[in-house]
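Asker: Dropping a structure here in structure tokens format, bear with me for questions.
The values are calculated or read from the model by the stated rules, or taken from the named source; none is laboratory data. Owing to the predicted nature of the structure, the values given are computational and were not obtained by experimental measurement. So basically every Cβ, Gly included, is an ideal-geometry build from the backbone, and we count neighbours across all protein chains shown. Areas reflect the complete protein model, heavy atoms only, side chains present, ligands, DNA and RNA absent. Shrake-Rupley method; radii C 1.70, N 1.55, O 1.52, S 1.80 Å.
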Amino acid sequence: IRNSVIVNLSTALKLSQRFFSSLVKNISYIPQSIAVNKLKKIYRDMPAIVVSSGPSLEKNMDQLKELQKYFIIISGLRNLKALIEIGVTPDFLCVIDSMEINYSFIKNYLNLNIPLLIYENSNSKVIENYKGPKILYVSNKQFCKLLGYDVDLLYQGGSVAHTCTSLAAYMGCNPIIFIGQDLAYTNDKLHADNT
């Protein structure tokens, strides 16, 4: 528990300025978003695939092209280019991180019509420039007071895969299948080479 508290505190201290800056910049764009509440149980008992960018993604990715018409495909931004290149269009994209790298993953795809799941601290450049629909969840109910309407929370965790999974469960998807979610450093790699 002690180590977990230290890591969480260090993360909060290191990223708090970035979170606050994103929040302030996002305030003018967030009201144009759709509240995640509209998606609650909308895909009850439809299967979903959460696409993560672990090293094993490369060996399973080609199967997505044939399966996409049978599944709701949910992915973080890191995988977008690789998915588009093989002819797979995700049903939902998720961005949680305020880090600048997220914009680099989507900057060539700003005109897509794929719903993008965001929250108040998501990368502000992504929120400002992405032309497709944006779906808002909150990480803190206090933010709803500023908005003037209620928006549901989704679980975040330490990875965008947590948020993708939370969205799938929130929409009622069943089962939820994971590809590229290695939970290990397969072949000493952090991510698939194509992501």
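Asker: How many percent of the accessible area of the stretch 72-160 is carbon or sulfur, using a 1.4 Å probe?
Answerer: Carbon plus sulfur share of accessible area: 49 percent.
Asker: To the nearest 10 Å², what's E100's accessible area with a 1.4 Å probe?
Answerer: Approximately 90 Å² of E100 is accessible to the 1.4 Å probe.
Asker: Over the stretch 55-123, average the accessible area per residue using a 1.4 Å probe and give it in Å², no decimals.
Answerer: Here the residues of the stretch 55-123 average 43 Å² of exposed surface.
Asker: May I ask you to evaluate 6.51 cos²θ - 1.76 cosθ + 1.60, the Karplus curve with θ = phi - 60°, for each residue of the stretch 108-125 and list the ³J(HN,Hα) values in order in whole Hz, giving x for glycine and proline?
Answerer: Values per residue, Gly and Pro as x: 8, 10, 5, 9, 5, 10, 8, x, 10, 7, 10, 9, 4, 10, 4, 3, 5, 5 Hz.
Asker: Where does the charge balance sit around G87 when Lys and Arg score +1, Asp and Glu -1, over other residues with C-beta under 11 Å from its C-beta?
Answerer: -2
Asker: Which parts of the stretch 141-173 would a label at T11 reach, counting a residue when its backbone N lies under 15 Å from a point 7 Å out along Cα-to-Cβ?
Answerer: Residues passing the 15 Å test: 155-164.
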